[in-house]
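Trainee: To start, I am sharing the structure in question, which I have written as structure tokens.
What follows is calculated from the coordinates using simple rules that are stated; it is not laboratory data. Predicted model only: the values in this text are computed from it and were never measured. Note that each Cβ is placed from the backbone with ideal geometry, even for glycine, and that neighbours are counted across all protein chains shown.
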């Protein structure tokens with residue numbers, strides 16, 4: 001019997017240690033009310049700004065505490081999911097319901113938070129040539145949506161309850177998936193409550209180890225990416241057409257967070273064929289023959305901000321072959337990339353734009369060697 005007791009005494013601390021090594025997954029909920037104004041970023045939507053939009057934002061947060069290395073390197077951010085409802089206070093715009101994935105970063109001893117979210121919205125009253133031609137902001141029922149939220153935060157003030165207040169911007173656009181697409185941007189002010197589950201058992205923050213960020217530096221790698229999707233010119237009724245983009249670039253990872261890029265894009269945007277033909281007939285004064293080449297070539301520089309296997313992508317490019325002067329000759333990309341197979345393959349979703357004017361949502365797959 002005494003040997004049994006000795007065995008139990010040895011096993012119990014081992015089980016306790018193993019239990020302590022299991023990753024915990026603390027979560028919280030937030031509910032905000034917001035009130036704002038649609039910004040007149042384009043005079044074409046002035047007739048749609050007739051009231052002050054209101055709505056609610058409900059967020060589910062996974063709280064991090066340093067179990068994974070990236071969490072400590074970014075000061076223990078939150079990640080999670082958000083759903084939002086917005087009444088745009090205009091009969092032609094209607095109401096939007098949206099769902100997002102989000103990241104939240106903390107500053108000033110975790111009293112200041114900045115949240116960025118990307119998702120999809122459902123518009124209750126999109127453009128219709130017969131019943132709602134006034135809505136030139138949303139050409140489709142499903143929209144891409146982005147929001148930025150900056151808050152003063154006090155978490156777990158009493159038994160898990162806390163509050164937050166601040167401001168933000170909600171953007172709705174279909175990225176020229178279907179015309180019209182003048183989009184809206186709502187500047188809002190928000191206030192709300194939060195609740196942290198099992199707050200009394202929230203684990204202590206695990207400090208970052210001594211492993212230097214520069215140890216993640218890599219040699220120059222070479223990438224090939226194929227992107228595709230569907231988009232439409234700004235002229236209503238010209239139709240939707242597929243596009244194809246082939247990109248080749250070199251990248252250099254310099255530390256855990258940052259990778260720099262330089263490369264070339266080959267654009268095959270077939271909607272431009274129809275647009276060129278249309279404008280050559282409708283606007284003869286522009287001097288178009290209708291035979292202009294719709295293809296474009298651009299060179300770009302870029303940056304990736306890494307979060308473990310996920311990266312935020314930003315690129316700035318210039319066309320070096322631009323026979324038809326669509327928009328301007330500077331373009332940019334913003335999006336999200338996910339690496340697979342030891343970083344040798346990746347999937348990517350980006351929005352290509354000319355400054356604030358979106359051209360397309362691109363879905364791509366690539367290889368990195």
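Trainee: In degrees, nearest 10, range 0 to 90: what is the angle between the Cα axis of helix 271-282 and the longest Cα principal axis of the chain?
Mentor: The angle comes out at about 30 degrees.
Trainee: Right, another one. Roughly how many Å is it from the Cα centre of region 108-159 to that of region 160-216, as a whole number?
Mentor: 12 Å
Trainee: Over the chain, what is the relative contact order in whole percent, taking alpha-carbon pairs under 8 Å and six or more residues apart?
Mentor: 11 percent
Trainee: Please list the three semi-axes, largest first and in whole Å, of the ellipsoid equivalent to region 214-368, using sqrt of 5 times the eigenvalues of its alpha carbon gyration tensor.
Mentor: Those come to 34, 14, 12 Å.
Trainee: If you don't mind, another one. Report the full-extension gain for the segment residue 303 to residue 205: residue separation times 0.36 nm, less the Cα-Cα distance, to one decimal in nm.
Mentor: Answer, rounded to one decimal: 32.3 nm.
Trainee: Subtract the Cα-Cα distance of residue 47 and residue 250 from 0.36 nm times their separation in residues, and report this length gain in nm to one decimal.
Mentor: Net length gain for the segment: 68.4 nm.
Trainee: Working out 0.36 nm times the residue gap between residue 124 and residue 345, then minus their Cα-Cα distance, what length gain in nm do you get to one decimal?
Mentor: 75.7 nm
Trainee: With a 10 Å Cβ neighbour count serving as the proxy for reagent exposure, in which order, fewest first, do 291, 343, 78 appear?
Mentor: Listing 291, 343, 78 from fewest to most nearby Cβ atoms yields 291, 343, 78.
Trainee: Please work out, to two decimal places, the log10 of the ratio I(q)/I(0) at q = 0.16, 0.22, 0.25, 0.26 Å⁻¹ from a Debye calculation in which every Cα of region 113-191 carries one identical scatterer.
Mentor: Treating every Cα as an identical point scatterer, log10 I(q)/I(0) equals -0.66, -0.93, -1.07, -1.12.
Trainee: For an R0 of 51 angstrom, estimate the FRET efficiency from the Cβ-Cβ distance between residue 110 and residue 132 and round to the nearest 0.05.
Mentor: After rounding to 0.05, the efficiency reads 0.70.
Trainee: How much FRET efficiency would the formula 1/(1 + (r/R0)^6) give for residue 286 and residue 60, where r is the Cβ-Cβ distance and R0 is 56 Å, rounded to 0.05?
Mentor: Calculated transfer efficiency: 0.60.
Trainee: Once the principal axes of the Cα atoms of region 26-201 are found, what is the range along each, listed largest first in whole angstroms?
Mentor: 58, 29, 24
Trainee: Taking only the C-alpha atoms, wrap a convex hull around region 242-310 and report its volume per residue in Å³ as a whole number.
Mentor: For region 242-310, the hull spanned by Cα atoms encloses 114 Å³ per residue.
Trainee: Further, regarding this structure: At 4 °C and a viscosity of 1.567 mPa s, what translational diffusion coefficient does Stokes-Einstein give for the chain, taking Rh as the Kirkwood radius over Cα pairs? Give it in µm²/s as a whole number.
Mentor: The calculation lands on 55 µm²/s.
Trainee: Take residue 158 and residue 235, extend 7 Å from each Cα along the Cα→Cβ direction, and tell me the distance between the two endpoints in nm.
Mentor: 6.4 nm
Trainee: Any idea what the relative contact order of region 214-368 is, in percent, if you count C-alpha pairs under 8 Å spaced at least 6 apart?
Mentor: Computed value for region 214-368: 20 percent relative contact order.
Trainee: Measuring from centroid to centroid over Cα atoms, what is the spacing of region 291-313 and region 349-369 in Å?
Mentor: Going from one Cα centre to the other spans 6 Å.
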